[in-house]
Every structure is written in structure tokens, then in C-alpha cells.
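Q: What follows is a single structure, and I will ask about it in a moment.
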Amino acid sequence: MHCGFGFGLLQVNRVLAEFGWDPPRFLGTAFQNAWINQTMWDAVLGWTGVDQYDEANAVGQRFLDQYQGAYGRRPEFCVPVVNRDLATVLLHAFADAHPLTPRGVKEALERVKMLPAASGAPGTRLSFGNWTRRGWVGAGYLVARQLEPEFGKSRLVGRFGEE
């Protein structure tokens, strides 16, 4: 399990191959770095990334449809849908902050409840509260993917917690 930002695993696959060891390999959000370039892609091949993009999430698909219409490409990985979710939460909080101060925004953020999320499995929601700071909620939020050898292609491995 790699718990860093991803750049520390650049040579891990090479070293594991030298040892003849092919253990299961998992990483969190750092999986997104694979889309930076071919070198990072190769470093992440064989790893399973969690908290990833899910093509079955209709909210995410609508967002990517709009994105493709505006920019002519369809970035099907976790960063665009996660950033859409973050922007949605912030817009709701800023619009509801009275007064528009750090405390007002914090309190408005705590009133954001059950917004449909573009990231995670279908049914994932964005929700905060007085003591809830996780944001994404839902039984199947944690989506796992693995890369295909072709740069830019990945496949769904599973949705953890899905009914």
C-alpha cells in the first residue's frame, strides 16, 4: 500500500520485478498521477487505485458530456469529477454564507447536505455537518480501478460497499 503523493513509487515496479515479487499493490488518490505522462503511467501499471472515477455515475457522465461539448475532449478519470464536486460544494457554501467571512463559510459548508456527486459510485452524495468533514458519503463511494497498458485507458475493478 502506497500512502504518499505517488512520485515515490516511480521505481517500485522495477524493484519488485528484480525481486520476482508481484504482490497486490494499492494506492489512494496518487493513482491520478498516472495521467501526467507515460513514465508515471508505467509506474502505476499493476496497481489498484481507490477513490476513482466510475463510468456508471450518471452525475459524472452528465458533467463529462458538458465538458466534452465545451472543450472537445472527455477526461474520464478521477480528477475532473472530483474537482467538479469540490467546486459544487464551495459554490453552495459561498452562496449561503452570511456573512461572507471564514466563519460564515464554515457554517454554510456545514449546511451542505446530500448533493449528488459526480465522483464515486452511483448514488454517492456530498454532505457535511457540524462534525462531519469527509464530504463524500455513500455505500459504494470507494471505487477501484486499474490501468490498461494503453495510456489513458483504465478499467473498473470494483465498488467497495456496493449493495
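Q: Show the residue pairs that are 6+ apart or on different chains and have beta-carbon atoms under 8 Å apart, the first residue being within region 139-151 and more than 16 Å from P24 (Cβ to Cβ) and without any contact (Cβ under 8 Å) to a residue 24 or more places away in the chain, the second being basic (K, R) and open to solvent by 70 Å² or more (accessible area, probe 1.4 Å).
A: E148/R155
Q: Continuing with this model, one more query. Show the residue pairs that are 6+ apart or on different chains and have beta-carbon atoms under 8 Å apart, the first residue being within region 110-121 and on the phi > 0 side of the Ramachandran plot, the second being modelled with pLDDT under 95 and of a type in the set (F, W, Y).
A: Between residues of region 110-121 that are on the phi > 0 side of the Ramachandran plot and residues that are modelled with pLDDT under 95 and of a type in the set (F, W, Y), the close pairs are G120/W136; G120/Y141.
Q: May I ask you to verify whether E18 is surrounded by 14 or more Cβ atoms within 10 Å (Cβ to Cβ) and of a type in the set (D, E, K, R)?
A: no
Q: Still on this structure: For A34, state whether it is over 26 Å from A139 (Cβ atoms), crowded, with 18+ Cβ neighbours inside 10 Å and at pLDDT 95 or above.
A: Against the criterion (over 26 Å from A139 (Cβ atoms), crowded, with 18+ Cβ neighbours inside 10 Å and at pLDDT 95 or above), A34 does not qualify.
Q: Among the numbered criteria (1) within 23 Å of E150 (Cβ to Cβ); (2) touching a residue at least 60 places away in the same chain (Cβ under 8 Å), which single criterion is violated by Q11?
A: That leaves (2) as the condition not met.
Q: Being touching a helix residue (DSSP H, G or I) at 6+ places or on another chain (Cβ under 6 Å) and among the hydroxyl-bearing types (S, T, Y) is the filter here; which residues of region 1-59 pass it?
A: Y53
Q: From D65, D85, D42, grab the single residue that is without any contact (Cβ under 8 Å) to a residue 60 or more places away in the chain, loosely packed, with under 12 Cβ neighbours inside 10 Å and part of a helix (DSSP H, G or I).
A: It is D65.
Q: For region 88-105, how many residues are open to solvent by 100 Å² or more (accessible area, probe 1.4 Å), assigned to a helix (DSSP H, G or I) and farther than 29 Å from L64 by Cα?
A: Total satisfying the criteria: 2.
Q: Let me ask another. Kindly list the number of the only condition in (1) small (G, A, S); (2) assigned to a helix (DSSP H, G or I); (3) loosely packed, with under 11 Cβ neighbours inside 10 Å that fails for G4.
A: Evaluating G4 over (1) small (G, A, S); (2) assigned to a helix (DSSP H, G or I); (3) loosely packed, with under 11 Cβ neighbours inside 10 Å leaves (2) as the failure.
Q: Which of the residues spanning region 15-36 are over 14 Å from the mean Cα position of the chain (by Cα) and in a helix (DSSP H, G or I)?
A: Matches in region 15-36: V15, L16, A17, E18, F19.
Q: Output the number of the condition that R73 fails; it satisfies all remaining conditions of (1) in a loop (DSSP other than H, G, I, E, B); (2) within 17 Å of L115 (Cα to Cα).
A: It is condition (2) that R73 fails.
The values are calculated or read from the model by the stated rules, or taken from the named source; none is laboratory data. No experiment lies behind these values; they were computed from the predicted model shown. Ideal geometry is used to build each Cβ from the backbone, glycine not excepted, and the neighbour counts take in all protein chains shown. Accessible surface areas use protein heavy atoms only, side chains included; no ligands, DNA or RNA. Shrake-Rupley method; radii C 1.70, N 1.55, O 1.52, S 1.80 Å.
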